[in-house]
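All remarks here apply to the structure that follows.
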Amino acid sequence: MIKRIVIATRNRHKVDEIRAVLGEGYTYLTLSELPGSPKVVEDGDTFVANAVKKAVELARWLHEQGQGPAIVLADDSGLAVDALGGAPGVHSARFAALDRAGSENSSDQENNLKLLRLLANVPYPERKARFRCAIAVAVAGAGPVALTFEGACEGHIRFEARGVKGFGYDPLFQPEGYEASFAELGEEVKNQISHRAKALASVAPRFRSLA
Ligand code: ITT
């Protein structure tokens, strides 16, 4: 079975969460250790489309480089807020940047402030939201195909940011059944119930069939 997993991300928080859920039985590599790897334009309409694009393009590049066998795993994820018609959705990483020219992502703080501003007059019961995650798994040298896995985590958007753990919208997201934000709850709880953990739950058992 292939034991080398290349994670197609530059987000170190995602890497930590993925490693924590999949465990230490693998050798992990990320884009930070692969200078020259392709920069993928995330222009898909869905999380699945973007995750597949990231996984397949990196798998193709690794194969061209003549690197050994590797499983490529890509995560595309984001927040969907009911009161905003599902926004920021696939634009989660650049939510605040949508208001200005250019293609760069915005900072987590800018994105959180924009979300709070848009929801300023929305009462708690109407602040329902969910994190969604798509994981795509491809094998270097196996052609442009990927397996896909999805997970979601229901919750509400708080009235103010709380906590310092995690990343992105974690300080504003209160998962169902908890009185604290993901940023207060921390990795141990998050990795039991998160969108990412749920998507990853069925990934490892499929590795055997990819070898
Ligand atoms: P890569 O594309 O390099 O993986 P990224 O952070 O740009 O890194 P995405 O394009 O998938 O990743 O955007 C995900 C955004 O959605 C992320 O920047 C956060 O704003 C938000 N997000 C996704 N999962 C999250 C989580 O578990 N907690 C908080 N925010 C999350």
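Quick rundown of the values:
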{"read-out": "Some residue of the stretch 83-103 being under 30 Å from Ala59 (Cβ atoms), in a loop (DSSP other than H, G, I, E, B), within 14 Å of the ligand (Cβ to nearest atom) and modelled with pLDDT under 95", "value": "yes"}
{"read-out": "Hey, Ala146 away from the ligand (no atom under 13 Å from the Cβ) and either at pLDDT below 95 or surrounded by 17 or more Cβ atoms within 10 Å (Cβ to Cβ) (or both) or not", "value": "yes"}
{"read-out": "Neighbours by Cβ (under 8 Å, 6+ apart or cross-chain): first from the stretch 188-211, under 13 Å from Asp16 (Cα atoms); second among the polar types (S, T, N, Q) and assigned to a helix (DSSP H, G or I)", "value": "Ala197/Asn191"}
{"read-out": "Complete set of residues in the stretch 107-136 that are within 30 Å of Arg60 (Cβ to Cβ) and surrounded by fewer than 22 Cβ atoms within 10 Å (Cβ to Cβ)", "value": "none"}
{"read-out": "Pick from the stretch 26-53, criterion surrounded by fewer than 21 Cβ atoms within 10 Å (Cβ to Cβ) and among the small types (Gly, Ala, Ser), ranking: farthest from the ligand (Cβ to nearest atom)", "value": "Gly36"}
{"read-out": "Sole residue being in a loop (DSSP other than H, G, I, E, B), free of Cβ contacts under 8 Å to residues at least 40 places away in the same chain and among the small types (Gly, Ala, Ser), chosen from Gly36, Gly44", "value": "Gly36"}
{"read-out": "Residue in the stretch 54-67 that is among the aromatic types (Phe, Trp, Tyr), modelled with pLDDT of 95 or more and within 12 Å of the ligand (Cβ to nearest atom) present", "value": "no"}
{"read-out": "Some residue of the stretch 151-174 being within 30 Å of Ile2 (Cα to Cα), of a type in the set (Phe, Trp, Tyr) and either more than 10 Å from the ligand (Cβ to nearest atom) or not in a loop (DSSP other than H, G, I, E, B) (or both)", "value": "no"}
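The values are calculated or read from the model by the stated rules, or taken from the named source; none is laboratory data. These figures come from a predicted structure and were not determined experimentally. Glycine also receives a Cβ, built like all others from the backbone with ideal geometry; neighbour counts cover every protein chain displayed.
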